[in-house]
Structures are given as C-alpha cells and as structure tokens.
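Have a look at the structure below, then the notes.
Here, each number is a calculation from the coordinates, and none is a lab measurement. Everything quoted here is computed from the prediction, not taken from an experiment. Note that we place each Cβ from the backbone using ideal geometry, even for glycine, and neighbour counts take in every protein chain shown.
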Amino acid sequence: MKITAFLKKYSHAWVFLYGLIYMPWFLYLENHVSKDYYLIHSPLDDYIPFIEYFIVPYLLWFVFIAVIVGYFFFTNKKGFYRLCAFMFTGMTIFLIVCTVFPNGLDLRPDTLTRDNIFTDLVRLVYAADTPTNVLPSIHVFNTLSVIFAVAHDEGMKNRKRLKGFIYIFGTLIILSTMFLKQHSVTDVFAAMVMAGIIYPFVYVPARRKAPKLSHQPI
C-alpha cells in the first residue's frame, strides 16, 4: 500500500521522460555539428573580458536547476508542471533551431594565461563541451525558467531572502556564460527573448484563472 501511495503521490515523475527525447537529440547535434555552422558573434562580445572565476556559478548551474526542480517536484505539483512546460518548450525550440540552423562560437581564448584551480576547471569544460549549438543559450533560458517559477510560487512568497539569493545567483549564472566565453551576447539575448515569448502562455493564464480580490468571498 505504501508503494502504491508513493507512486500515486509522485505520478508526475513521468514528465522526466522528456529526457529520453532531449538527450539523444542534443548528443546527436554535439557529435555532428562540427563544421559548416553559422558563427555567432556580437560586437559587444569583444568588450567582455574572460574571467575564470565565473566558472563557479557556471558549474553550480546544474545543482541550481536540480535543486529548484526538485523543490517543485516535492512541494508544488502544479508549479512543477508549469516549470517543466516552460523549460521543455524552450529546450525543444533550442533543439529545432540548432538542427535547422547549425551554429557555434569562436570566442574562447587560445590560451589561458593564468594557472589556478579555476582555469583548470575551465579547461575541463572546454574539453567536454564543444563551442557549437549555442543559440539560444539553454544555460540562460533554464535559469530564467526557475526564476519565473520561484517568482510565482506561493510557498516562496514570504521567503524574501531566499528569493533574493536565487535571483542574484541566477544573474551570476547568466553573466558567467559570457565572461567564460561560452556564449555570445546574442545567445543570451535570444534566450531572454524566447523566455519572454513563452512566459505569457505558461504563467499569464494561471494568473487570470486566480479569482480577483473583488470577487473573493468575505
């Protein structure tokens, strides 16, 4: 009975099956988009210095996303569904864009002049992650996804310090993509535009369904 109750309570875990679509598609792109791709570049990229210390928020992005998705999974089923609908819509659009419009960067420094633990981590990221399939930035888009979800969560309503920390850390993650030369300003802007377009379809309808103050029972 306990197992049945557990499965019923967390039946929304089926949403994670999306990973069976996203990961094979993404890995295919990573392995096949290696040449003849459109080079993404913004004049603003040339004014942004490389700062290896941003590797810390960049790598903690994975923990950041996992923790907040986990929070919604266990505490707010409706919020979890909205968050996943937002994230997975953008991630699918990203896959389609990179399939029909192969893209990449040439922003990474040729050599890392300093030698420390942060540059060592950057080298590992550079070796593991190709400078392709960058538009729009999923690092940025998913960060915005969880920020929007937190902003709409009733459970976070009175946790101003925690929300403030999430917003600040999310901003550092977004900045890290540019200061590490992992993304162009164009990638970041494209992710923000995509998030802005998807936002009203996911969150505005929920807000409209909420009863207006004047119609609430006294």
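Tabulated data
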{"item": "Cβ-derived FRET efficiency at R0 45 Å, Arg161 paired with Val100, nearest 0.05", "result": "0.55"}
{"item": "Nearest 10 degrees, 0 to 90: helix 77-100 Cα axis against the chain principal axis", "result": "30 degrees"}
{"item": "Chain lengthening between Phe74 and Leu39 when straightened (0.36 nm per residue, less Cα-Cα)", "result": "8.5 nm"}
{"item": "Phe50 long-range amide H proximity, modeled H, under 5 Å", "result": "none"}
{"item": "Shape category assigned to segment 145-198 from the gyration tensor of Cα positions, a/c cut at 1.5", "result": "oblate"}
{"item": "Calculated FRET efficiency for the pair Phe62/Arg108, C-beta based, R₀ 30 Å, to 0.05", "result": "0.90"}
{"item": "Between 0 and 90°, nearest 10: helix 160-179 axis offset from the chain longest Cα axis", "result": "20 degrees"}
{"item": "Set of segment 18-33 residues, backbone N closer than 19 Å to the point 7 Å along the Cα-Cβ line of Thr92", "result": "18-29"}
{"item": "Cross-link partners of Lys181 among lysines (Cα-Cα below 27 Å; sequence separation of 8 or more within a chain)", "result": "Lys35"}
{"item": "Value at 222 nm in deg cm²/dmol, rounded to 500, when DSSP H runs of n ≥ 4 in the chain each add -39,500 (n - 2.57)", "result": "-20500 deg cm²/dmol"}
{"item": "Residue-span extension gain [Thr130 to Tyr47] - 0.36 nm each, minus C-alpha spacing", "result": "27.6 nm"}
{"item": "Centroid-to-centroid separation of segment 148-185 and segment 42-102 [C-alpha atoms, Å]", "result": "10 Å"}
